[in-house]
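The values are calculated or read from the model by the stated rules, or taken from the named source; none is laboratory data. If you're wondering where the values come from, they're calculated on a predicted model, not measured in any experiment. Note that we place each Cβ from the backbone using ideal geometry, even for glycine, and neighbour counts take in every protein chain shown.
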């Protein structure tokens, strides 16, 4: 009986383990991409990654986390290439030598949304900073991501420029992704800052209108950076560079340009390969 | 119809149409959690039985450790194992992070104390006299342990169910260790988190219903084994 049990167990284990472990792949054929949740949640990477894998023969492991974590992982050598959207933070990593060859890939924009009755009276204001000042002055509820993501980083920079320290019962930190944060803002009838792509994806469930948009500080710029091989012994610089180059190739940029039109009637991202921050 | 009704319908539709991605995700969930549960049985049954039958200084302390381990938060396990498996981590040379094997390791760490603790309790509830009688009748120690385990098989199957239930439903460790990579390490729980984040609540609900369904089927089969022999 003991032997029969052992035999059955080893058979089951023998059947299960190899099928999910698979042969060990050569390390240089794997590229780890650390990126933000918005590129994954919008569905863009589901289109681009298979294209790259087919073209290069490499396997991409996409780790989609907040921009803060994406850059932190890369700085530890736990990724080979990073696609992020927090220019200030990115430049800091580049200056420190952790990341290199930062190149702009695409942009979309952020919008400020809020309850239709607009208690802070910000509808149509041309400047996002003025809108934030009025929200703070009127102590109107505002939901912040609070998660060190690219969106949160931009939001904090805006508060700083507006000369406001966001604090108090009106300032709610969700600590969650954009989708969940939109849900909370909708439920609490609060203002929030969101990227347009996620906002469009949630239109069915969120009935807060766009109140402020199209201001230069609200541009949401995505850049690709390669990881410095000195960050860790197993960084794959060739693979990282191949993916970064792919993101800027004309064919890829064409795919980005039309992405989202079929689903939302408008593109979600504007490709900007070759441009600099100052050009936008 | 409400959102939940839509979710149930969507679940049935996905299962009926045999959506390949949903099937692949469901199959991987089952594989990873079954492998982790089996490994935790291989480790936990002997460890639990040994702990139940031995007496040594510090035993009470070890038992407390095992009992604490039964409630290990998956996200804490995920964090520790992730750091070990990092490229620069102690076990980085294995290159296991973001693979199903990494998820099996994490789930094993979660399930092993559950199986050990419940085995310990199951074996200990068999009366001492029974054990002494067997030894008195000339049973070897191994034979005695085997009879004890058979005697305790009902609570032992409960250990299997608790271990499997604990790992198939956890999301924290699988998310960190697997990375929720499409086609490679995406399982039902991590896919549910992703679809919720995307605002696809109907698909998220459908995945949840599938998860509940397979958890029920596995437990139903185990309960059948557990209760069937009594009838």
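Taking residue B:143 as the residue in question, decide whether it is over 24 Å from residue B:26 (Cα atoms), more than 13 Å from chain A (Cβ to nearest Cβ), part of a helix (DSSP H, G or I) and modelled with pLDDT under 95.
So residue B:143 does not fit the description; no.
What strands (runs of 3 or more DSSP E) lie completely within segment A:17-94 and have 3 or more residues being at pLDDT below 90 and under 30 Å from residue B:201 (Cβ atoms)?
Ranges flagged: none.
Rundown of residues vs (1) in a helix (DSSP H, G or I); (2) touching a helix residue (DSSP H, G or I) at 6+ places or on another chain (Cβ under 9 Å); (3) away from chain B (no Cβ under 14 Å); (4) closer than 20 Å to residue A:39 by Cα, yes/no style:
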site: A:239; (1), (2), (3), (4): yes, yes, no, yes
site: A:245; (1), (2), (3), (4): yes, no, yes, yes
site: A:251; (1), (2), (3), (4): yes, yes, yes, yes
site: A:278; (1), (2), (3), (4): yes, no, yes, no
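Filter segment A:56-97 down to the residues that are out of contact with any strand residue (DSSP E or B) (no Cβ under 7 Å at 6 or more places or on another chain) and within 16 Å of residue A:244 (Cα to Cα) and list them by number.
Across segment A:56-97, the qualifying residues are A:56, A:57.
Does segment A:231-238 include one or more residues that are without any contact (Cβ under 8 Å) to a residue 60 or more places away in the chain and at negative phi?
no
Tally the residues that are under 18 Å from residue A:78 (Cα atoms) and more than 9 Å from chain A (Cβ to nearest Cβ), restricting the search to segment B:68-88.
The total comes to 8.
Could you tell me whether any residue of segment B:155-163 is out of contact with any strand residue (DSSP E or B) (no Cβ under 6 Å at 6 or more places or on another chain) and free of Cβ contacts under 8 Å to residues at least 24 places away in the same chain?
Scanning segment B:155-163, I find no residue that is out of contact with any strand residue (DSSP E or B) (no Cβ under 6 Å at 6 or more places or on another chain) and free of Cβ contacts under 8 Å to residues at least 24 places away in the same chain, so the answer is no.
Before we move on, is residue A:224 within 13 Å of chain B (Cβ to nearest Cβ), touching a strand residue (DSSP E or B) at 6+ places or on another chain (Cβ under 6 Å) and not in a helix (DSSP H, G or I)?
For residue A:224, the condition - within 13 Å of chain B (Cβ to nearest Cβ), touching a strand residue (DSSP E or B) at 6+ places or on another chain (Cβ under 6 Å) and not in a helix (DSSP H, G or I) - is not met.
Only one of B:212, B:188, B:207 is out of contact with any strand residue (DSSP E or B) (no Cβ under 9 Å at 6 or more places or on another chain), more than 14 Å from chain A (Cβ to nearest Cβ) and surrounded by fewer than 17 Cβ atoms within 10 Å (Cβ to Cβ); which?
Just a single option satisfies the conditions, and that option is B:212.
Can you tell me which residues in segment B:89-108 are over 21 Å from the mean Cα position of the chain (by Cα) and more than 10 Å from chain A (Cβ to nearest Cβ)?
B:90, B:91
If the requirement is being more than 18 Å from residue B:216 (Cβ to Cβ) and either touching a helix residue (DSSP H, G or I) at 6+ places or on another chain (Cβ under 6 Å) or in a loop (DSSP other than H, G, I, E, B) (or both), which of these qualifies: B:28, B:39, B:9?
When all the criteria are applied, what remains is B:39.
Considering only residues that are touching a residue at least 60 places away in the same chain (Cβ under 8 Å) and within 12 Å of another protein chain (Cβ to nearest Cβ), which ones fall in segment A:67-83?
A:69, A:74, A:75, A:76, A:77, A:78, A:79, A:80
In segment B:22-58, how many residues are within 11 Å of chain A (Cβ to nearest Cβ), under 20 Å from residue B:180 (Cα atoms) and without any contact (Cβ under 8 Å) to a residue 12 or more places away in the chain?
1
Just to be sure before I move on: is residue B:167 within 20 Å of residue B:215 (Cβ to Cβ), within 16 Å of the chain's Cα centre (by Cα) and within 14 Å of chain A (Cβ to nearest Cβ) in the structure I sent?
Yes, satisfied.
Out of all the residues in segment B:128-139, is one or more closer than 30 Å to residue B:59 by Cα and within 24 Å of the chain's Cα centre (by Cα)?
No, segment B:128-139 contains no residue that is closer than 30 Å to residue B:59 by Cα and within 24 Å of the chain's Cα centre (by Cα).
(1) surrounded by fewer than 14 Cβ atoms within 10 Å (Cβ to Cβ); (2) more than 27 Å from residue B:49 (Cα to Cα): which one isn't true of residue B:99, the others all being true?
The one condition residue B:99 does not meet is (1).
Kindly provide the set of residues from segment B:42-58 that are surrounded by 12 or more Cβ atoms within 10 Å (Cβ to Cβ) and out of contact with any helix residue (DSSP H, G or I) (no Cβ under 6 Å at 6 or more places or on another chain), ordered by number.
B:42, B:46, B:50, B:53
Quick one: which residue in A:118, A:147 is more than 21 Å from residue A:163 (Cβ to Cβ) and at pLDDT below 95?
A:147
Give me a count of the residues in segment A:189-220 that are closer than 24 Å to residue A:84 by Cα, in contact with a strand residue (DSSP E or B) (Cβ under 9 Å, 6 or more places away or on another chain) and within 12 Å of another protein chain (Cβ to nearest Cβ).
Total satisfying the criteria: 4.
Here is a yes/no grid of residues against (1) touching a strand residue (DSSP E or B) at 6+ places or on another chain (Cβ under 9 Å); (2) within 24 Å of residue A:71 (Cβ to Cβ); (3) away from chain B (no Cβ under 14 Å):
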| position | (1), (2), (3) |
| --- | --- |
| A:138 | no, no, yes |
| A:144 | yes, yes, yes |
| A:151 | yes, yes, no |
| A:157 | no, yes, yes |
| A:163 | no, no, yes |
